[in-house]
1. Could you please let me know if residue 171 is crowded, with 17+ Cβ neighbours inside 10 Å, over 25 Å from residue 69 (Cα atoms), of a type in the set (Lys, Arg) and modelled with pLDDT of 95 or more?
2. Read through the list (1) in contact with an Asp or Glu (Cβ under 8 Å, 6 or more places away or on another chain); (2) over 19 Å from residue 107 (Cα atoms); (3) surrounded by 14 or more Cβ atoms within 10 Å (Cβ to Cβ), then give the number of the only condition that residue 48 fails.
3. State all residues of region 190-208 that are farther than 14 Å from residue 166 by Cα and surrounded by fewer than 18 Cβ atoms within 10 Å (Cβ to Cβ); if no residue qualifies, say none.
4. Among (1) within 18 Å of residue 121 (Cβ to Cβ); (2) among the aromatic types (Phe, Trp, Tyr); (3) buried (at least 17 other Cβ atoms within 10 Å of the Cβ), where does residue 61 come up short?
5. State all residues of region 1-46 that are at pLDDT below 95 and hydroxyl-bearing (Ser, Thr, Tyr); if no residue qualifies, say none.
6. Restricted to region 160-181, and to residues that are among the polar types (S, T, N, Q) and under 26 Å from residue 214 (Cα atoms), which residue is nearest to the chain's Cα centre (by Cα)?
7. From the list 36, 27, 22, exactly one residue is part of a loop (DSSP other than H, G, I, E, B) and surrounded by 17 or more Cβ atoms within 10 Å (Cβ to Cβ). Which is it?
8. Output the residues belonging to region 131-164 that are more than 19 Å from residue 116 (Cα to Cα) and in contact with a Phe, Trp or Tyr (Cβ under 7 Å, 6 or more places away or on another chain).
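The values are calculated or read from the model by the stated rules, or taken from the named source; none is laboratory data. Being a predicted model, the structure only gives us computed values, none of them experimental. Please note: Cβ atoms are built from the backbone with ideal geometry, for glycine as well, and neighbour counts cover all protein chains shown.
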Amino acid sequence: MSQRLNKYGQHIGPELPGWTPRPWPARITFTGEYCRLEPVNAAVHGAKLYQAYALDDGRLWTYMFDGTFRSQDDFMEYVRRIEVSGDAVHFVVIDKKNNQPLGTMALMRIDTKNGVIEIGCIAFSSLLQRTRMSTECHYLLMMYVFETLGYRRYEWKNDSLNAASRRAALRLGFQFEGTFRQAVIYKGRSRDTNWFSLLDSEWPRNKAAMQAWLAADNFDTEGHNENDAWLMLESK
(Lines give C-alpha, C1' and ligand atoms only; values in the text may rest on other atoms or scores of the structure.)
Protein backbone atom coordinates (compact mmCIF):
# COMPACT_ATOMS: atom_id res chain seq x y z
CA MET A 1 0.00 0.00 0.00
CA SER A 2 1.15 3.53 -0.74
CA GLN A 3 2.80 5.33 2.17
CA ARG A 4 1.66 8.76 0.95
CA LEU A 5 -1.24 10.34 2.79
CA ASN A 6 -3.32 13.36 1.90
CA LYS A 7 -4.52 15.92 4.43
CA TYR A 8 -7.46 13.66 5.29
CA GLY A 9 -5.20 10.75 6.22
CA GLN A 10 -6.13 8.78 3.10
CA HIS A 11 -3.56 6.76 1.18
CA ILE A 12 -2.82 8.21 -2.25
CA GLY A 13 -0.68 7.05 -5.15
CA PRO A 14 2.88 8.11 -6.04
CA GLU A 15 3.27 11.61 -7.39
CA LEU A 16 4.31 12.05 -11.03
CA PRO A 17 6.00 15.46 -11.22
CA GLY A 18 6.42 16.76 -14.74
CA TRP A 19 4.28 14.08 -16.38
CA THR A 20 3.00 15.03 -19.82
CA PRO A 21 0.97 13.06 -22.38
CA ARG A 22 3.06 10.68 -24.48
CA PRO A 23 3.45 10.92 -28.28
CA TRP A 24 1.35 8.83 -30.62
CA PRO A 25 3.50 6.02 -32.11
CA ALA A 26 4.82 6.79 -35.57
CA ARG A 27 4.53 4.69 -38.71
CA ILE A 28 8.26 4.10 -39.04
CA THR A 29 10.59 1.18 -39.76
CA PHE A 30 12.55 -0.65 -37.04
CA THR A 31 15.58 -2.76 -37.93
CA GLY A 32 17.06 -5.48 -35.76
CA GLU A 33 19.73 -8.11 -36.28
CA TYR A 34 17.32 -10.70 -37.66
CA CYS A 35 14.13 -8.93 -38.68
CA ARG A 36 12.71 -5.61 -39.77
CA LEU A 37 9.37 -4.05 -38.83
CA GLU A 38 7.68 -1.92 -41.47
CA PRO A 39 4.29 -0.17 -41.36
CA VAL A 40 1.73 -2.32 -43.16
CA ASN A 41 1.44 -1.47 -46.84
CA ALA A 42 -1.10 -3.57 -48.71
CA ALA A 43 0.47 -2.98 -52.13
CA VAL A 44 3.94 -3.93 -50.92
CA HIS A 45 3.25 -6.65 -48.36
CA GLY A 46 -0.23 -8.04 -49.00
CA ALA A 47 0.38 -10.78 -51.56
CA LYS A 48 3.54 -12.08 -49.87
CA LEU A 49 1.85 -12.09 -46.48
CA TYR A 50 -0.99 -14.13 -47.94
CA GLN A 51 1.55 -16.63 -49.27
CA ALA A 52 3.13 -16.98 -45.82
CA TYR A 53 -0.22 -17.50 -44.12
CA ALA A 54 -1.36 -19.92 -46.83
CA LEU A 55 1.27 -22.41 -45.63
CA ASP A 56 -0.76 -22.89 -42.44
CA ASP A 57 -4.27 -24.10 -41.69
CA GLY A 58 -6.88 -21.79 -40.20
CA ARG A 59 -5.99 -22.27 -36.55
CA LEU A 60 -3.86 -19.11 -36.58
CA TRP A 61 -7.06 -17.05 -36.77
CA THR A 62 -9.14 -18.89 -34.16
CA TYR A 63 -8.53 -16.29 -31.45
CA MET A 64 -8.26 -13.28 -33.79
CA PHE A 65 -11.15 -10.92 -34.43
CA ASP A 66 -10.55 -11.28 -38.19
CA GLY A 67 -10.07 -14.33 -40.41
CA THR A 68 -10.12 -16.91 -41.71
CA PHE A 69 -10.12 -15.54 -45.25
CA ARG A 70 -12.01 -17.04 -48.17
CA SER A 71 -9.54 -15.87 -50.81
CA GLN A 72 -6.55 -13.63 -51.45
CA ASP A 73 -8.94 -10.83 -52.41
CA ASP A 74 -10.68 -11.24 -49.07
CA PHE A 75 -7.34 -11.09 -47.28
CA MET A 76 -6.20 -8.04 -49.26
CA GLU A 77 -9.32 -6.18 -48.15
CA TYR A 78 -8.32 -6.89 -44.55
CA VAL A 79 -4.73 -5.68 -45.12
CA ARG A 80 -5.93 -2.48 -46.77
CA ARG A 81 -8.18 -1.84 -43.79
CA ILE A 82 -5.46 -2.24 -41.14
CA GLU A 83 -3.04 -0.16 -43.25
CA VAL A 84 -5.22 2.93 -42.79
CA SER A 85 -6.43 2.20 -39.25
CA GLY A 86 -6.79 5.39 -37.25
CA ASP A 87 -6.74 3.81 -33.79
CA ALA A 88 -3.82 1.37 -34.18
CA VAL A 89 -0.45 1.23 -35.91
CA HIS A 90 0.06 -2.11 -37.67
CA PHE A 91 3.49 -3.47 -38.58
CA VAL A 92 4.74 -6.28 -40.80
CA VAL A 93 7.55 -8.51 -39.53
CA ILE A 94 10.05 -9.13 -42.34
CA ASP A 95 12.87 -11.66 -42.45
CA LYS A 96 16.02 -9.67 -43.21
CA LYS A 97 17.61 -12.65 -45.02
CA ASN A 98 15.10 -12.75 -47.85
CA ASN A 99 12.78 -9.74 -47.30
CA GLN A 100 9.84 -12.11 -46.87
CA PRO A 101 6.92 -10.74 -44.78
CA LEU A 102 6.07 -13.40 -42.18
CA GLY A 103 3.44 -11.86 -39.91
CA THR A 104 1.88 -8.75 -38.40
CA MET A 105 1.48 -7.06 -35.02
CA ALA A 106 0.08 -3.74 -33.86
CA LEU A 107 0.40 -1.02 -31.26
CA MET A 108 -3.22 -0.40 -30.30
CA ARG A 109 -5.64 0.91 -27.65
CA ILE A 110 -3.28 3.86 -27.44
CA ASP A 111 -3.87 6.09 -24.39
CA THR A 112 -1.42 8.97 -24.72
CA LYS A 113 -2.83 10.86 -21.72
CA ASN A 114 -2.03 8.07 -19.27
CA GLY A 115 0.95 6.53 -21.09
CA VAL A 116 -0.70 3.16 -21.74
CA ILE A 117 -0.46 1.13 -24.93
CA GLU A 118 -1.26 -2.44 -25.98
CA ILE A 119 0.55 -4.85 -28.25
CA GLY A 120 -2.04 -6.87 -30.13
CA CYS A 121 -3.36 -8.23 -33.42
CA ILE A 122 -0.36 -10.59 -33.36
CA ALA A 123 -0.66 -12.90 -36.37
CA PHE A 124 2.60 -14.82 -36.87
CA SER A 125 2.79 -17.41 -39.62
CA SER A 126 4.50 -20.73 -38.84
CA LEU A 127 7.60 -19.37 -40.60
CA LEU A 128 7.87 -16.78 -37.85
CA GLN A 129 6.68 -18.66 -34.79
CA ARG A 130 9.35 -19.91 -32.35
CA THR A 131 12.17 -18.11 -34.16
CA ARG A 132 14.53 -15.44 -32.86
CA MET A 133 12.72 -12.99 -35.14
CA SER A 134 9.50 -13.55 -33.19
CA THR A 135 11.27 -12.42 -30.01
CA GLU A 136 13.27 -9.63 -31.60
CA CYS A 137 10.23 -7.92 -33.10
CA HIS A 138 8.70 -7.68 -29.62
CA TYR A 139 11.98 -6.35 -28.25
CA LEU A 140 12.12 -3.63 -30.93
CA LEU A 141 8.62 -2.37 -30.14
CA MET A 142 9.10 -2.55 -26.38
CA MET A 143 12.26 -0.50 -26.64
CA TYR A 144 10.48 2.07 -28.82
CA VAL A 145 7.47 2.33 -26.49
CA PHE A 146 9.42 2.63 -23.23
CA GLU A 147 12.62 4.41 -24.27
CA THR A 148 11.61 6.61 -27.20
CA LEU A 149 7.97 7.38 -26.45
CA GLY A 150 8.17 7.12 -22.65
CA TYR A 151 5.01 5.12 -21.99
CA ARG A 152 4.44 3.77 -18.46
CA ARG A 153 2.42 0.63 -19.17
CA TYR A 154 2.55 -1.93 -21.99
CA GLU A 155 -0.42 -4.29 -22.17
CA TRP A 156 -1.15 -7.73 -23.61
CA LYS A 157 -4.67 -9.19 -23.72
CA ASN A 158 -5.97 -12.51 -25.00
CA ASP A 159 -8.84 -14.95 -24.99
CA SER A 160 -8.49 -16.82 -21.70
CA LEU A 161 -8.65 -20.11 -23.67
CA ASN A 162 -5.66 -19.16 -25.84
CA ALA A 163 -2.96 -21.10 -24.00
CA ALA A 164 -0.25 -20.33 -26.57
CA SER A 165 -0.78 -16.58 -26.21
CA ARG A 166 -0.67 -16.85 -22.42
CA ARG A 167 2.64 -18.72 -22.60
CA ALA A 168 4.04 -16.11 -24.97
CA ALA A 169 3.03 -13.22 -22.71
CA LEU A 170 4.67 -14.80 -19.65
CA ARG A 171 7.76 -15.74 -21.66
CA LEU A 172 8.18 -12.13 -22.75
CA GLY A 173 8.03 -10.87 -19.17
CA PHE A 174 4.42 -9.70 -18.93
CA GLN A 175 2.73 -10.08 -15.55
CA PHE A 176 -0.72 -11.69 -15.36
CA GLU A 177 -3.24 -9.34 -13.75
CA GLY A 178 -6.53 -11.18 -13.95
CA THR A 179 -9.47 -12.17 -16.13
CA PHE A 180 -12.33 -9.98 -17.30
CA ARG A 181 -15.27 -12.39 -17.49
CA GLN A 182 -17.63 -12.21 -20.48
CA ALA A 183 -15.73 -9.16 -21.69
CA VAL A 184 -16.14 -9.58 -25.44
CA ILE A 185 -18.38 -11.20 -28.04
CA TYR A 186 -16.58 -12.17 -31.24
CA LYS A 187 -17.16 -14.64 -34.03
CA GLY A 188 -20.49 -15.47 -32.42
CA ARG A 189 -19.00 -16.63 -29.12
CA SER A 190 -18.30 -15.23 -25.67
CA ARG A 191 -14.79 -14.42 -24.56
CA ASP A 192 -13.24 -14.07 -21.13
CA THR A 193 -10.20 -11.82 -21.54
CA ASN A 194 -6.88 -12.26 -19.74
CA TRP A 195 -4.96 -9.06 -18.96
CA PHE A 196 -1.16 -8.85 -18.73
CA SER A 197 1.13 -5.86 -18.36
CA LEU A 198 4.76 -4.78 -18.39
CA LEU A 199 5.67 -1.53 -16.59
CA ASP A 200 8.37 1.00 -17.30
CA SER A 201 10.00 0.14 -13.95
CA GLU A 202 10.24 -3.50 -15.07
CA TRP A 203 11.61 -2.74 -18.50
CA PRO A 204 15.35 -2.49 -17.62
CA ARG A 205 15.37 -6.04 -16.21
CA ASN A 206 13.23 -7.30 -19.07
CA LYS A 207 15.47 -5.60 -21.64
CA ALA A 208 18.61 -7.22 -20.20
CA ALA A 209 16.99 -10.67 -20.31
CA MET A 210 15.85 -10.20 -23.90
CA GLN A 211 19.25 -8.95 -25.03
CA ALA A 212 20.96 -11.92 -23.39
CA TRP A 213 18.59 -14.37 -25.07
CA LEU A 214 18.92 -12.72 -28.50
CA ALA A 215 22.75 -12.79 -28.43
CA ALA A 216 24.08 -14.55 -31.53
CA ASP A 217 26.14 -17.07 -29.56
CA ASN A 218 22.96 -18.48 -27.98
CA PHE A 219 21.91 -20.02 -31.30
CA ASP A 220 23.10 -23.02 -33.27
CA THR A 221 23.90 -22.87 -36.97
CA GLU A 222 20.23 -23.33 -37.85
CA GLY A 223 19.13 -20.48 -35.61
CA HIS A 224 17.69 -22.60 -32.78
CA ASN A 225 17.87 -21.68 -29.09
CA GLU A 226 16.92 -24.44 -26.68
CA ASN A 227 16.16 -22.02 -23.83
CA ASP A 228 12.61 -21.32 -24.93
CA ALA A 229 11.20 -20.37 -21.51
CA TRP A 230 13.98 -17.85 -21.15
CA LEU A 231 12.27 -15.11 -19.20
CA MET A 232 9.15 -15.94 -17.17
CA LEU A 233 9.84 -13.01 -14.84
CA GLU A 234 8.12 -13.34 -11.51
CA SER A 235 6.04 -10.54 -10.04
CA LYS A 236 7.77 -8.56 -7.31
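1. Numbers: crowded, with 17+ Cβ neighbours inside 10 Å: yes; over 25 Å from residue 69 (Cα atoms): yes; of a type in the set (Lys, Arg): yes; modelled with pLDDT of 95 or more: yes.
Yes: the conditions hold for residue 171.
2. For residue 48, the exception is condition (1).
3. Once the filter is applied, which keeps residues that are farther than 14 Å from residue 166 by Cα and surrounded by fewer than 18 Cβ atoms within 10 Å (Cβ to Cβ), region 190-208 yields 190, 199, 200, 201, 204, 205, 207, 208.
4. (3)
5. Listed by number, the list holds a single entry, 2.
6. Here is the first cut: in region 160-181, the residues among the polar types (S, T, N, Q) are 160, 162, 165, 175, 179.
Next cut, under 26 Å from residue 214 (Cα atoms) only: 162, 165, 175.
Numbers: 162: 15, 165: 10, 175: 14 Å.
If we take residues in region 160-181 being among the polar types (S, T, N, Q) and under 26 Å from residue 214 (Cα atoms), then 165 is nearest to the chain's Cα centre (by Cα).
7. Numbers: 36 fails: part of a loop (DSSP other than H, G, I, E, B); 27 fails: surrounded by 17 or more Cβ atoms within 10 Å (Cβ to Cβ).
Residue meeting the stated conditions: 22.
8. 132, 133, 134, 135, 136, 159, 162
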